[in-house]
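Asker: Input: one structure, supplied below.
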Amino acid sequence: LLNIKAYPIALGADNKISDLNMQEFKIANAYNSADTKLGPTGKNFQPQYTQNVCMFTAKQIITEFNFEIPTSIKIDVDGNEIEVLKGFGDILSNKVIRSIFIELDLENSNSKECDQLLIKNGFTQQQQGVDSNSYNYIYQR
């Protein structure tokens, strides 16, 4: 795992200073949201804690900070998946990216838009696994 690096930033559709809205303030908590107060189903929630966060598009990080285009991408952002995908811009069509693992919630109207954007960029859905209302999808080229 020496080739994996973690950076404490948020990925989104824009480059800006934003908020990380946390439903609960505890270690390894899920269902938090960067830049919105929408949970995984697309419904509003009242955050228990809000923290400032630097948000970048994936395209900005790759082009301006010389990050390599990843071969595999894992997206599990509890409702903001479409913003992360849009932030890749035209890089999403780059053939270097071979697979995308993404968690989508069936109750969130943006899930279908994610599927359409991935298909438009040359990916096909290979597999899905169910976890309550959320589905873990694997898209590959």
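Asker: Picking from N44, N32, which residue would you name as being within 21 Å of N108 (Cα to Cα), in contact with a strand residue (DSSP E or B) (Cβ under 7 Å, 6 or more places away or on another chain) and open to solvent by 100 Å² or more (accessible area, probe 1.4 Å)? Break it down into steps so the answer makes sense when it comes.
Answerer: Values: N32 fails: open to solvent by 100 Å² or more (accessible area, probe 1.4 Å).
The conditions single out N44.
Asker: Is it the case, given these coordinates, that V84 is among the aliphatic types (A, V, I, L, M), touching a residue at least 40 places away in the same chain (Cβ under 8 Å) and in a helix (DSSP H, G or I)?
Answerer: Values: among the aliphatic types (A, V, I, L, M): yes; touching a residue at least 40 places away in the same chain (Cβ under 8 Å): yes; in a helix (DSSP H, G or I): yes.
Answer is yes for this residue.
Asker: Could you list, in sequence order, the residues of segment 64-103 that are among the small types (G, A, S), at positive phi and open to solvent by 20 Å² or more (accessible area, probe 1.4 Å)?
Answerer: We begin by selecting, within segment 64-103, every residue among the small types (G, A, S); these are 72, 79, 87, 89, 93, 99.
Those still in the list that are at positive phi too: 79, 89.
The answer is G89, and nothing else.
Asker: Then there's this: Within segment 115-141, take every residue that is touching a Leu at 6+ places or on another chain (Cβ under 6 Å) and farther than 29 Å from T63 by Cβ and give me the one that is most open to solvent (accessible area, probe 1.4 Å).
Answerer: N133
Asker: Which condition from (1) surrounded by fewer than 17 Cβ atoms within 10 Å (Cβ to Cβ); (2) of a type outside the set (A, V, I, L, M, F, W, C); (3) in a loop (DSSP other than H, G, I, E, B) is the one that T50 breaks?
Answerer: (3)
Asker: Go through the residues of segment 95-118 one by one and say whether even a single one is free of Cβ contacts under 8 Å to residues at least 12 places away in the same chain, within 21 Å of A30 (Cβ to Cβ) and not in a loop (DSSP other than H, G, I, E, B).
Answerer: no
Asker: Residue under question is K112, and the condition is that it be farther than 27 Å from N3 by Cα, surrounded by fewer than 12 Cβ atoms within 10 Å (Cβ to Cβ) and not polar (S, T, N, Q); does it hold?
Answerer: On the way: farther than 27 Å from N3 by Cα: yes; surrounded by fewer than 12 Cβ atoms within 10 Å (Cβ to Cβ): no; not polar (S, T, N, Q): yes.
Spelling it out, it is not the case that K112 is farther than 27 Å from N3 by Cα, surrounded by fewer than 12 Cβ atoms within 10 Å (Cβ to Cβ) and not polar (S, T, N, Q).
The values are calculated or read from the model by the stated rules, or taken from the named source; none is laboratory data. Everything quoted here is computed from the prediction, not taken from an experiment. Cβ sites come from the backbone with ideal geometry, for glycine too, and all protein chains shown count toward neighbours. Quick note on the areas: whole protein, heavy atoms, side chains included, nothing else; ligands and nucleic acids left out. Shrake-Rupley method; radii C 1.70, N 1.55, O 1.52, S 1.80 Å.
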